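See below for the structure under consideration.
The values are calculated or read from the model by the stated rules, or taken from the named source; none is laboratory data. Just so it is clear, the model here is predicted, and its values are computed rather than measured. Glycine also receives a Cβ, built like all others from the backbone with ideal geometry; neighbour counts cover every protein chain displayed.
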Amino acid sequence: MALRTIALTLFVLLLSTAAFAESYTQLDTDAVKKLHSTEDARFVDARNPNAFNGWAMQGEKNSGHITGATNLAASWVTQDLPRTAEVTKAKNLSSAQNIVVYGYTLEEATTVADWLVEQEIPATRIAVYKDGFSAWSQAGLPIERLPHYDRIVPAQWVQKRIAEKNVLVVEASWGEGKVYNQNHIPTAVHLNTDLLESEDRKWNYLPAKEVRANLMALGITADTPVVLYGEAGIDAARAAVAMLWVGVKDVRILNGGLHAWKEAGFKVDRTAVDPKPVTDFGAATPNLNLIIGMKDAKRMLNDDNAELVSIRTWAEYIGETTGYSYIKPKGRIKGAMWGHAGKDSYNMDDFRNPDNTMRDYHEIAAFWKEWNITPEKEVAFYCGTGWRASEALLYAQAMGFTKAHLYDDGWHVWSMNPANPTASGTPAK
């Protein structure tokens, strides 16, 4: 209580002595540093998610975000993106007595401060950091970042690598590429996900040898730097996991997909790019442990230091629906934790910002922790047939999970055998 009282007093004092903008108090670096040390102010990062994750979008030496901050980008507000109010509400900022908003610029911070007032948070609780993140970074003050942020890349990075002719951009989606043929990133080739999996295998991956051969037909070797994006995002993740599994060494995801590319002001193309097949995959070290089967899934269910994680809707998890027209049994693998997903079996909104970039990883970590899903454990993600679980797996890896797998069989294969233990209803955690 004493620390909280000191913090509240300090905040009021700063409000009374700082120079006022039109609506908000402007705090300098010293003032923000004092507030940060009390740990009683909520910090809101108004920059784009790539900067928040750790990319030096303005060339700052120390990249990332102020320790403890949450990401609420000014771009979501100015673009009037759907779900921005929903995402804001989930951050529980209305309960904070002191809120400090910062960005690269004062304009970014003020835009988000205005948005928070529109969400009925009193302006008297909000201050803006006038010096901005660059000043905080230059001062060597506490910063944190997504542990492996470089696996989730911004459009600017992709554009630079294309110009350097040092990346193969791949648009992954099911079918012949309807969206790809309408507009795609220049130089990108289309990957039909049927090259990775098949219906007769219950939508499990093809054998690794076949996947490699199909990747070689697209010009991909073990040493090809690849950036993926897709129509839905989960398609790109599905392809990325397959590539990592068979030994492609440098595989990344475009954060926010084609939308992010367009918002960065880059041009799109309508002319299909013909792949340049190769005949030698090269020296690869397949990551065979990345994907597990039923035997390992059952082993993990009986291991206190392991969790099998369902990346499905709550309605799927508790057995109200299967989520798929071709999957009839309802329920979940008995003993599996709920890892969240989205509103339906093709949606990952729980993991996405309004612009479809990766959600603030602190929030993902928080809802996973509620279900005992933590980085020190061995974890295996599954869904119906592996697409949603692939995206969760990539985020877990970026967050520093070192013992993470994809259980590719998923609910589809597990539920086919009545002898496999299943459950429904709301479980006791």
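Given the criterion surrounded by 20 or more Cβ atoms within 10 Å (Cβ to Cβ) and either hydroxyl-bearing (Ser, Thr, Tyr) or under 29 Å from residue 359 (Cα atoms) (or both), identify the matching residue among 333, 318. Show your work before the answer.
On the way: 318 fails: surrounded by 20 or more Cβ atoms within 10 Å (Cβ to Cβ).
Answer to the selection: 333.
Would a scan of segment 138-145 turn up a residue that is touching a helix residue (DSSP H, G or I) at 6+ places or on another chain (Cβ under 8 Å), part of a loop (DSSP other than H, G, I, E, B) and either closer than 13 Å to residue 55 by Cα or not hydrophobic (A, V, I, L, M, F, W, C) (or both)?
At the first step, the residues of segment 138-145 found to be touching a helix residue (DSSP H, G or I) at 6+ places or on another chain (Cβ under 8 Å) are 139, 141-143, 145.
Still in the list and also part of a loop (DSSP other than H, G, I, E, B): 139, 141-142, 145.
If we keep only those that are either closer than 13 Å to residue 55 by Cα or not hydrophobic (A, V, I, L, M, F, W, C) (or both) as well, we get 142, 145.
Yes, segment 138-145 contains at least one residue that is touching a helix residue (DSSP H, G or I) at 6+ places or on another chain (Cβ under 8 Å), part of a loop (DSSP other than H, G, I, E, B) and either closer than 13 Å to residue 55 by Cα or not hydrophobic (A, V, I, L, M, F, W, C) (or both).
Being assigned to a helix (DSSP H, G or I) and either modelled with pLDDT under 95 or of a type in the set (Lys, Arg) (or both) is the filter here; which residues of segment 388-429 pass it? Can you show your working first?
Taking segment 388-429 and keeping what is assigned to a helix (DSSP H, G or I), we get 388-398, 410-414.
Answer for segment 388-429, where residues must be assigned to a helix (DSSP H, G or I) and either modelled with pLDDT under 95 or of a type in the set (Lys, Arg) (or both): just 388.
Quick one: in segment 209-231, of everything that is in a helix (DSSP H, G or I) and within 26 Å of the chain's Cα centre (by Cα), which residue is surrounded by the most Cβ atoms within 10 Å (Cβ to Cβ)?
Going through segment 209-231, the residues in a helix (DSSP H, G or I) turn out to be 209-217.
If we keep only those that are within 26 Å of the chain's Cα centre (by Cα) too, we end up with 211, 215.
Working: 211: 22, 215: 28.
Among them, the one singled out is 215.
A quick yes/no check of all residues on (1) over 16 Å from residue 314 (Cβ atoms); (2) within 17 Å of the chain's Cα centre (by Cα); (3) surrounded by fewer than 22 Cβ atoms within 10 Å (Cβ to Cβ):
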| site | (1), (2), (3) |
| --- | --- |
| 358 | yes, yes, no |
| 382 | no, yes, no |
| 396 | yes, yes, no |
| 410 | yes, no, no |
| 414 | yes, no, no |
| 418 | yes, no, yes |
| 423 | no, no, yes |
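Tell me which residues, restricted to segment 91-108, are in contact (Cβ under 8 Å) with a residue 12 or more places away in the chain and at positive phi.
Hits for segment 91-108: nothing passes.
Identify the single condition in (1) farther than 25 Å from residue 396 by Cβ; (2) buried (at least 18 other Cβ atoms within 10 Å of the Cβ) that residue 198 does not satisfy, given that it satisfies every other one.
Of the numbered conditions (1) farther than 25 Å from residue 396 by Cβ; (2) buried (at least 18 other Cβ atoms within 10 Å of the Cβ), the odd one out for residue 198 is (2).
Confirm whether residue 241 is part of a helix (DSSP H, G or I), crowded, with 24+ Cβ neighbours inside 10 Å and of a type in the set (Val, Ile, Thr).
Working: part of a helix (DSSP H, G or I): yes; crowded, with 24+ Cβ neighbours inside 10 Å: yes; of a type in the set (Val, Ile, Thr): yes.
Yes: the conditions hold for residue 241.
Tell me which of these residue 97 doesn't satisfy, since it passes every other one: (1) surrounded by fewer than 16 Cβ atoms within 10 Å (Cβ to Cβ); (2) among the polar types (S, T, N, Q); (3) part of a helix (DSSP H, G or I).
Against the list (1) surrounded by fewer than 16 Cβ atoms within 10 Å (Cβ to Cβ); (2) among the polar types (S, T, N, Q); (3) part of a helix (DSSP H, G or I), residue 97 comes up short only on (3).
Of the residues that make up segment 42-53, is at least one within 12 Å of residue 128 (Cα to Cα), modelled with pLDDT under 95 and surrounded by fewer than 21 Cβ atoms within 10 Å (Cβ to Cβ)? Show your work before the answer.
Just the residues of segment 42-53 that are within 12 Å of residue 128 (Cα to Cα), to begin with: 42-46.
Then drop every residue that is not modelled with pLDDT under 95, which leaves none.
Within segment 42-53, none of the residues are within 12 Å of residue 128 (Cα to Cα), modelled with pLDDT under 95 and surrounded by fewer than 21 Cβ atoms within 10 Å (Cβ to Cβ).
Using the structure shown, decide if residue 60 is in contact with a helix residue (DSSP H, G or I) (Cβ under 7 Å, 6 or more places away or on another chain), in a loop (DSSP other than H, G, I, E, B) and crowded, with 17+ Cβ neighbours inside 10 Å.
Numbers: in contact with a helix residue (DSSP H, G or I) (Cβ under 7 Å, 6 or more places away or on another chain): yes; in a loop (DSSP other than H, G, I, E, B): yes; crowded, with 17+ Cβ neighbours inside 10 Å: yes.
Here the answer is yes, as residue 60 does meet what is asked.
If you check 111, 88, which single one turns out to be among the hydroxyl-bearing types (Ser, Thr, Tyr), within 20 Å of residue 125 (Cβ to Cβ), touching a residue at least 40 places away in the same chain (Cβ under 8 Å) and part of a helix (DSSP H, G or I)?
Numbers: 88 fails: touching a residue at least 40 places away in the same chain (Cβ under 8 Å).
Of the residues listed, the single one that is among the hydroxyl-bearing types (Ser, Thr, Tyr), within 20 Å of residue 125 (Cβ to Cβ), touching a residue at least 40 places away in the same chain (Cβ under 8 Å) and part of a helix (DSSP H, G or I) is 111.
Being touching a residue at least 40 places away in the same chain (Cβ under 8 Å), charged (D, E, K, R), loosely packed, with under 15 Cβ neighbours inside 10 Å and not in a helix (DSSP H, G or I) narrows it down to one of 304, 280, so name that one.
Working: 304 fails: touching a residue at least 40 places away in the same chain (Cβ under 8 Å).
280 is the lone residue from the list that is touching a residue at least 40 places away in the same chain (Cβ under 8 Å), charged (D, E, K, R), loosely packed, with under 15 Cβ neighbours inside 10 Å and not in a helix (DSSP H, G or I).
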